[in-house]
Amino acid sequence: MGLKVYVDGKLVSKDDAKISVFDHGLLYGDGVFEGIRTYDGLIFKLKKHIDRLYQSAHSIMLEIPMSKKGLIEAVKQTLRANRLKNAYIRLIVTRGVGDLGLDPRRCQKPSIIIITDKIALYSEKFYKQGMEIITVPTRRNIPEALNPQIKSLNYLNNILAKIEAVNAGAEEAIMLNSEGYVAECTGDNLFIVKRATLLTPPVYLGSLRGITRDVIFDLAKAIKIPVREEVLTRHDLFNADECFLTGTAAEAIPVVKIDGRKIGDGKPGKITLKLIRKFHRLTKVNGERY
Ligand code: PMP
């Protein structure tokens with residue numbers, strides 16, 4: 001039995017999971033999405049992801065033609081159909097089928113797609129040894145143009161940054177905002193540890209309010225590590241004691257070199273490793289069954 005994908009109320013096999021070439025999700029990147037994880041049969045932070053999806057949709061005036069409860073049930077139904085215990089869920093809502101003009105009023109009904117599959121974003125060695133990352137020329141979208149807090153299907157800004165990182169032989173890119181302050185990575189938030197304090201850029205500087213980022217805040221507070229949102233420059237990163245990235249797909253991953261500069265002693269930091277352990281423990285017990 002092959003993988004089943006949810007498309008507009010139906011579970012269809014992977015090969016039949018198709019949408020129209022007139023869908024504005026394809027034509028214009030007009031739509032929103034979420035990436036969610038399950039661990040041992042528990043969906044991690046499901047409600048937070050669903051809330052963020054509806055907020056992204058509200059912001060672009062896209063009305064999701066389903067209640068939150070209905071959508072949660074559809075996600076669970078898709079996971080059950082695929083008998084997945086450890087999965088990555090991609091939830092997508094597009095503007096729907098329209099004509100070749102960009103006017104969203106021509107789109108009759110948004111399309112809802114739920115893909116559940118496995119994911120391994122980075123190779124295991126980076127989780128053990130830490131990653132080397134670089135800053136890239138492409139700046140993060142300014143919030144006044146396309147707010148990075150909207151998780152939209154329009155990821156070209158991040159893709160350009162990723163291409164620059166890959167071209168330079170790096171796995172991930174740090175994106176600065178238009179003023180040159182650190183925003184985030186192409187699909188992850190960034191943290192540093194300085195003098196036993198956890199620092200991350202405030203989202204108004206141009207990053208997504210990551211759900212993993214919020215979890216890390218809570219875990220740090222629980223073990224009495226102070227956390228602050230702070231404006232950060234590359235200089236601050238270079239001189240950090242520790243650095244790591246967070247995201248649903250990447251989870252939490254140590255960074256040991258930035259633009260050729262060793263971070264701390266060049267090994268994954270103590271506080272970083274402690275938070276990663278706590279994060280993994282939490283994913284095993286905190287979640288919604290399906
Ligand atoms: N920043 C960007 C640009 C992202 O796409 C993501 C999600 N992959 C994140 C940060 C991390 O967010 P979360 O922890 O909610 O997955």
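The values are calculated or read from the model by the stated rules, or taken from the named source; none is laboratory data. Remember, it's a predicted structure, so these values are computed and weren't measured experimentally. With ideal geometry, Cβ positions are generated from the backbone for all residues, glycine too; neighbour counts draw on all protein chains shown. In case anyone asks, the SASA skips ligands and DNA or RNA and just uses the protein heavy atoms, side chains included. Shrake-Rupley method; radii C 1.70, N 1.55, O 1.52, S 1.80 Å.
Overview of results
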{"item": "Criterion: within 11 Å of the ligand (Cβ to nearest atom), of a type in the set (Asp, Glu) and buried (at least 18 other Cβ atoms within 10 Å of the Cβ) - qualifying residue of Glu171, Glu184", "result": "Glu184"}
{"item": "Residue, farthest from Leu91 (Cα to Cα), within the stretch 3-24, restricted to residues that are in contact (Cβ under 8 Å) with a residue 12 or more places away in the chain and in a strand (DSSP E or B)", "result": "Asp23"}
{"item": "Qualifying position, being in the same structural domain as Pro137 (by TED's automatic domain parsing), of a type outside the set (Val, Ile, Thr) and either within 14 Å of the ligand (Cβ to nearest atom) or within 28 Å of Tyr155 (Cα to Cα) (or both), among Lys257, Lys262", "result": "Lys257"}
{"item": "Matching option when the condition is open to solvent by 30 Å² or more (accessible area, probe 1.4 Å) and under 29 Å from Ser67 (Cβ atoms), among Ile159, Ile115, Ile134, Ile163", "result": "Ile115"}
{"item": "Which listed residue, of Ala240, Ala196, is more than 16 Å from the ligand (Cβ to nearest atom), in contact (Cβ under 8 Å) with a residue 24 or more places away in the chain and either surrounded by fewer than 16 Cβ atoms within 10 Å (Cβ to Cβ) or more than 20 Å from Glu132 (Cα to Cα) (or both)", "result": "Ala196"}
{"item": "Yes/no for Glu229 being open to solvent by 10 Å² or more (accessible area, probe 1.4 Å), over 21 Å from the mean Cα position of the chain (by Cα) and more than 9 Å from the ligand (Cβ to nearest atom)", "result": "no"}
{"item": "Elements of type strands (runs of 3 or more DSSP E) contained in the stretch 64-183, each with 3 or more residues being within 18 Å of Gly35 (Cβ to Cβ)", "result": "88-94, 111-117"}
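This table checks each residue for (1) touching a Cys at 6+ places or on another chain (Cβ under 9 Å); (2) free of Cβ contacts under 8 Å to residues at least 60 places away in the same chain; (3) more than 16 Å from the ligand (Cβ to nearest atom).
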site: Gly31; (1), (2), (3): no, no, no
site: Glu34; (1), (2), (3): no, no, no
site: Arg37; (1), (2), (3): no, no, no
site: Ile43; (1), (2), (3): no, no, no
site: His58; (1), (2), (3): no, yes, yes
site: Thr78; (1), (2), (3): no, no, yes
site: Lys85; (1), (2), (3): no, yes, yes
site: Arg95; (1), (2), (3): yes, no, yes
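Residue by residue, here is whether (1) at positive phi; (2) assigned to a loop (DSSP other than H, G, I, E, B); (3) open to solvent by 40 Å² or more (accessible area, probe 1.4 Å) holds:
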{"residue": "Leu245", "(1), (2), (3)": "no, no, no"}
{"residue": "Ala252", "(1), (2), (3)": "no, no, no"}
{"residue": "Lys257", "(1), (2), (3)": "no, no, yes"}
{"residue": "Lys267", "(1), (2), (3)": "no, yes, yes"}
{"residue": "Lys278", "(1), (2), (3)": "no, no, yes"}
{"residue": "Lys284", "(1), (2), (3)": "no, no, yes"}
